[in-house]
1. Counting Lys +1, Arg +1, Asp -1, Glu -1, what net charge surrounds GLN101 among other residues with beta carbon under 11 Å of its beta carbon?
2. Find how much the distance from GLN101 to VAL167 grows on full extension, using 0.36 nm per residue of separation minus their present alpha carbon separation; answer in nm with one decimal.
3. Which order do the peptides 58-71, 112-125, 37-50 take when ranked by the mean count of other beta-carbon atoms within 10 Å per residue, highest first?
4. I want to check the label-to-label distance for THR122 and ASN76. Put each point 7 Å from Cα in the C-beta direction and report it in nm to one decimal.
5. What's the exposure ranking of ILE96, ILE32, going from fewest to most Cβ atoms within 10 Å?
6. Label THR175 and GLU59 with points 7 Å out from Cα along Cα→Cβ: what is the distance between them in nm?
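Taken together, the values in this text are just the output of simple stated rules run on the coordinates, not laboratory data. No experiment lies behind these values; they were computed from the predicted model shown. Every residue, glycine as well, gets a Cβ built from its backbone with ideal geometry; the counts of neighbours run over all protein chains shown.
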Amino acid sequence: MHNRKMWALSLVLVLVMASLSACATGEATANICEPEISTELALEAQNAGMAGLATGSVEWNESHLSSFLTVLLQQNTGSNFPVEAINACVEEGGNIALHVQLADDVLLGGDTLSLAGTIGITDGSVAVDLTEVSGNGIVASSTILAPINAQINAALAGAVAGLPVSVETTEDTLTISLGGM
């Protein structure tokens with residue numbers, strides 16, 4: 001199952017990079033953060049997620065979420081994958097930003113892909129709605145992001161097996177609760 005999700009994320013990154021080729025210039029308005037990323041924090045996040053299945057709620061700070069996403073992606077894609085790190089930034093009100101640090105020479109003229117949007121619940125599942133993406137001074141927004149959102153949300157759709165959930169964000173923290181707790 002992880003391979004399917006990693007394939008979907010790989011496809012999303014390719015779609016994002018291709019989408020940027022025909023867009024306006026500028027920078028996304030994504031929140032910027034620099035969380036610590038480590039294997040130890042990724043394991044703490046994984047353990048919190050597993051405990052959350054028993055308690056009904058999981059809370060991750062930006063370092064835990066960023067570490068979990070980065071290490072999971074690295075371990076499921078191998079050494080040739082172009083992503084070095086994912087900095088996940090959350091704000092109150094459901095806003096989320098992802099700053100994807102790319103390996104050298106992946107994105108001409110830069111090494112960061114920034115995505116901004118919201119995270120919440122759609123049709124009973126955790127869903128992301130990206131509204132802006134930028135890289136190397138090029139910004140894409142609006143309907144061009146629809147296929148990217150669809151790929152991300154397809155990967156998230158089965159994460160809670162149809163159980164009712166709620167999502168809350170505060171400055172630096174993402175909380176997902178089962179049963180709408």
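1. On the way: positive: none; negative: GLU34, GLU84, ASP104, ASP111.
Overall, the nearby charge balance is -4.
2. Details: separation 66, 0.36 × 66 = 23.76 nm, distance 2.59 nm.
Going from the current span to full extension adds 21.2 nm.
3. Values: 58-71: 22.5, 112-125: 18.1, 37-50: 15.9.
With the highest mean Cβ count within 10 Å placed first, the list reads 58-71, 112-125, 37-50.
4. Going from the THR122 label point to the ASN76 one covers 2.0 nm.
5. On the way: ILE96 23, ILE32 10.
Sorted ascending by nearby Cβ count, the order is ILE32, ILE96.
6. For the pair THR175/GLU59, the computed spacing is 0.6 nm.
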